[in-house]
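K.L.:
Have a look at this one.
The values are calculated or read from the model by the stated rules, or taken from the named source; none is laboratory data. Quantities reported herein were computed from a predicted structural model and do not represent experimental measurements. We place every Cβ from the backbone using ideal geometry, glycine too, and count neighbours over all the protein chains shown. For the accessible areas, the whole protein counts, side chains as well, though only heavy atoms, and no ligand, DNA or RNA atoms are used. Shrake-Rupley method; radii C 1.70, N 1.55, O 1.52, S 1.80 Å.
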Amino acid sequence: MTPSSLVSFNVNRTLGEFSGAFADLGTFLPLVLGLIALNQFSPQGIFFGFGIFALAVALFYRRPIPIQPMKVISALVIAQGLTPGIMQASGILMGIILLLLAFSGAITWLSRQISQAISVGIQLAIGIQLLMMGGKMMAVTPTIGFGAFALIFLCRFLPLRYVSMPLVLVAGMLWQYHHGGDVATFSFNQTPWQFHWPLAGEWSQALTLLVLPQLAMTLTNAVIATSVVAKEKFPEEAERFTPKAFATSSGLANLLLAPLGAIAMCHGAGGLAVQYHFGARRMWAPFIFGVSCVAIALSWGESVAWLLSLIPMAILGSLLSIAGLQLAWSKRLLDGRPFCMAVIASTAIVSLAVNPAAGLLAGLVVEFCRSRWELIQTIR
């Protein structure tokens with residue numbers, strides 16, 4: 001490798017790590033900013049929690065393993081106007097449950113029952129859901145949203161691939177700065193960083209309203225599907241990316257950081273797919289993201305809130321849609337055998353129609369029927 005090509009390689013790798021660090025903002029920012037702006041959560045506690053979790057992930061996994069809000073919990077808290085105490089209780093309860101599943105061996109057993117076709121079906125369903133969510137957000141300002149999506153998608157075939165996401169994000173913020181209220185964004189009030197323990201009644205509400213609906217999504221997407229995608233992207237280190245490892249890291253993060261004001265957090269297959277797409281390969285992407293979150297938490301004020309309010313919702317929707325597209329697409333959708341396609345289709349359809357847990361069950365049933373059929377044919 002010549003000196004000039006070596007410099008070019010290092011520049012592209014650095015840009016890839018930086019782009020990958022913020023590639024998952026389409027999932028992260030809408031929920032986080034919604035909790036701060038609509039539910040009056042403390043921004044310092046939320047960003048500090050994400051920052052510490054991301055730094056721990058960078059040091060432990062040394063790969064671009066994503067950090068995301070637990071989507072079901074966050075969406076329900078926003079939609080129903082629930083309190084920070086209920087969110088805090090849900091994070092602690094999710095942490096305890098994930099650690100129990102990890103160290104009892106239950107999560108390892110469950111992952112062994114899931115074939116590759118079932119995993120592809122779950123990823124397909126989650127990817128389609130992200131695409132639909134992103135489409136709604138882009139439709140708020142169609143010209144900006146769909147234009148940004150098209151630009152990022154087309155840049156994947158050009159040398160600009162690793163810089164397309166930050167360029168689009170900065171361009172959207174500049175547009176909002178010059179056009180004022182023409183583009184939908186978030187607005188914030190100043191809420192102090194508060195430390196308190198959930199009230200007695202908030203524990204039961206958290207368990208019934210938030211934890212149980214979230215659990216299926218966490219086990220399928222944040223633990224098992226993330227493990228599958230990580231092993232595909234980094235096969236030389238596959239033994240490090242087990243479902244038990246991801247359940248343990250998510251469990252510890254929620255159990256330790258929720259009392260400090262963090263919201264319920266997890267990993268995510270879609271986040272890993274989009275970070276890898278934009279060039280993240282090593283520990284620097286989660287490290288950069290973690291340092292940025294801690295810096296925001298420690299310096300939060302009117303200037304930081306104003307800066308974040310410049311990000312158009314349509315731009316976030318385009319990033320979310322790119323993440324969904326990356327997760328949904330798989331070579332197995334083209335070269336799979338008929339029985340595999342049946343497993344993928346049934347898993348995805350039921351996941352979309354009901355939830356990922358029901359989709360997982362449907363996939364297991366179809367997979368069981370497939371294996372019995374092949375056994376009968378072999379005997380004959």
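K.L.:
For THR27, indicate whether it is open to solvent by 30 Å² or more (accessible area, probe 1.4 Å), of a type in the set (Ser, Thr, Tyr) and assigned to a helix (DSSP H, G or I).
P.N.:
So THR27 does not fit the description; no.
K.L.:
(1) among the polar types (S, T, N, Q); (2) surrounded by 24 or more Cβ atoms within 10 Å (Cβ to Cβ); (3) touching a Phe, Trp or Tyr at 6+ places or on another chain (Cβ under 8 Å): which one isn't true of SER119, the others all being true?
P.N.:
So SER119 meets the others, but not (3).
K.L.:
Restricting to the stretch 200-226, count the residues that are crowded, with 24+ Cβ neighbours inside 10 Å and either more than 16 Å from the chain's Cα centre (by Cα) or modelled with pLDDT of 90 or more (or both).
P.N.:
5
K.L.:
Tell me, which residue of the stretch 337-355 that is hydroxyl-bearing (Ser, Thr, Tyr) and within 21 Å of THR218 (Cβ to Cβ) is modelled with the lowest pLDDT?
P.N.:
Let us first name the residues in the stretch 337-355 that are hydroxyl-bearing (Ser, Thr, Tyr), namely 346-347, 351.
Still in the running and within 21 Å of THR218 (Cβ to Cβ): 347, 351.
Working: THR347: 86, SER351: 82.
The qualifying residue modelled with the lowest pLDDT is SER351.
K.L.:
Specify the residue that is modelled with the lowest pLDDT; the eligible residues are those in the stretch 31-71 that are open to solvent by 40 Å² or more (accessible area, probe 1.4 Å) and out of contact with any Gly (no Cβ under 9 Å at 6 or more places or on another chain).
P.N.:
GLN40
K.L.:
Identify the residue in the stretch 227-251 that is open to solvent by less than 10 Å² (accessible area, probe 1.4 Å) and in a helix (DSSP H, G or I) and, among all such residues, is farthest from ALA273 (Cα to Cα).
P.N.:
If we filter the stretch 227-251 for residues that are open to solvent by less than 10 Å² (accessible area, probe 1.4 Å), which is where we start, we get 227, 229-230, 234, 241, 246-247, 250-251.
Now narrow it down to the ones that are in a helix (DSSP H, G or I): 227, 229-230, 246-247, 250-251.
Values: SER227: 12, VAL229: 7, ALA230: 9, PHE246: 16, ALA247: 19, SER250: 18, GLY251: 22 Å.
Among residues in the stretch 227-251 that are open to solvent by less than 10 Å² (accessible area, probe 1.4 Å) and in a helix (DSSP H, G or I), the one farthest from ALA273 (Cα to Cα) is GLY251.
K.L.:
LEU76: within 12 Å of the chain's Cα centre (by Cα), open to solvent by 10 Å² or more (accessible area, probe 1.4 Å) and in contact (Cβ under 8 Å) with a residue 60 or more places away in the chain, yes or no?
P.N.:
The answer is no for LEU76.
K.L.:
If I ask for residues that are touching a helix residue (DSSP H, G or I) at 6+ places or on another chain (Cβ under 8 Å), within 12 Å of SER309 (Cα to Cα) and either of a type in the set (D, E, K, R) or at pLDDT below 60 (or both), which ones from the stretch 150-186 would you list?
P.N.:
Within the stretch 150-186, VAL183, ALA184, THR185, PHE186 qualify.
K.L.:
What helices (runs of 4 or more DSSP H) completely inside the stretch 270-357 contain at least 3 residues that are buried (at least 16 other Cβ atoms within 10 Å of the Cβ) and of a type in the set (Ser, Thr, Tyr)?
P.N.:
Details: elements: 284-299, 302-309, 313-328, 332-335, 338-353.
Qualifying helices (runs of 4 or more DSSP H): 338-353.
K.L.:
Still on this model: Of MET137, MET132, which residue is within 18 Å of the chain's Cα centre (by Cα) and open to solvent by 60 Å² or more (accessible area, probe 1.4 Å)? Steps first, answer last, please.
P.N.:
Details: MET137 fails: open to solvent by 60 Å² or more (accessible area, probe 1.4 Å).
It is MET132.
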